[in-house]
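Structure first, commentary second.
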Ligand SMILES: [Zn+2]
């Protein structure tokens, strides 16, 4: 294939734009902020779930607390009733003695129930502390996630702007390259990691970075300027400048 030296040079400029597009895509896919955002999003979800679990546990324990409060109230009212009866002195001595026994066992029961109640309250206190610390962690992570999402969006916007400008430049430049040469370039590029044309520099192809032997180099150099040369190794268009 024949193509003017300037057309071949334009092909290199086109290649530079295409390589930029590949780099921009790579950058967009590998933003450090995106990785950080993913990590923080997972941490936020985990803190939120733990917080919900602790709240549920607290509500179960509160239910337990009100049950034990009712138990204590029942015993207290029974004690009051028995004490009134005892104070009234009504009943046989045997009945009064039974009342005293009952009061003693009720007092023991009351002490046990109050101890249970206290234990439950201590557990609620500990849970409250856990909930507070989890909620603080969750809220801090939420703030971080929001800021990182914004940072990621800004970074992607910037990359997209650069991409759009490059695409516009590419479109303009590709119109200036002969269709045959452009088609060959596109065909090679599609099957060669996005590189269709490379410069011959210091006796090496900059596409595959392999040196060209002296005999081939002498033959290539002797070819007319408008001869389109292909690298023997990678088959890319080799532009001699
Ligand atoms: Zn090569």
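Restricting things to Cα coordinates, could you compute the convex hull volume per residue of the chain in Å³?
Roughly 180 Å³ of hull volume per residue.
For region 31-158, restrict the atom set to alpha-carbon positions and state the Rg and Dmax in Å.
In order Rg, Dmax, the Cα atoms of region 31-158 give 27.7, 96 Å.
In whole angstrom, note down how far apart the Cα centers of region 160-227 and region 39-74 are.
Measuring centre to centre over Cα atoms gives 66 Å.
Rounded to whole Å and sorted largest first, list the principal axis extents of the Cα atoms in region 104-175.
Answer, in whole Å and largest first: 104, 14, 7 Å.
How large is the helix-only mean residue ellipticity at 222 nm for the chain, computed as the sum of -39500 (n - 2.57) over DSSP H runs with n ≥ 4, divided by its residue count, in deg cm²/dmol to the nearest 500?
Result for the chain, helices only: -28000 deg cm²/dmol.
Over region 31-158, what is the relative contact order in whole percent, taking alpha-carbon pairs under 8 Å and six or more residues apart?
Value for region 31-158: 54 percent.
Dimensions of region 8-65 along principal axes (Cα, Å, largest first)?
The principal-axis extents, from largest down, are 85, 11, 6 Å.
Hey, what did the chain get for relative contact order, percent, Cα under 8 Å, at least 6 apart?
Rounded, it is 35 percent for the chain.
I want to check the label-to-label distance for residue 240 and residue 92. Put each point 7 Å from Cα in the C-beta direction and report it in nm to one decimal.
The answer from the label model is 13.3 nm.
Translational diffusion coefficient, Stokes-Einstein: compute it for region 194-236 using the Kirkwood radius over C-alpha pairs as Rh, at 25 °C and 0.890 mPa s, and state it as an integer in µm² s⁻¹.
Translational diffusion coefficient: 232 µm²/s.
Could you check which residue among 113, 86, 181 shows the biggest mean-square fluctuation in a GNM of the chain with a 10 Å Cα cutoff?
Highest fluctuation among the options: 86.
Any read-out appearing in this document is the output of simple, stated calculations on the displayed coordinates, not a laboratory observation. Quick caveat: nothing in here was measured; it's all calculated off a predicted structure. Cβ atoms come from the backbone with ideal geometry, glycine included; neighbour counts cover every protein chain shown.
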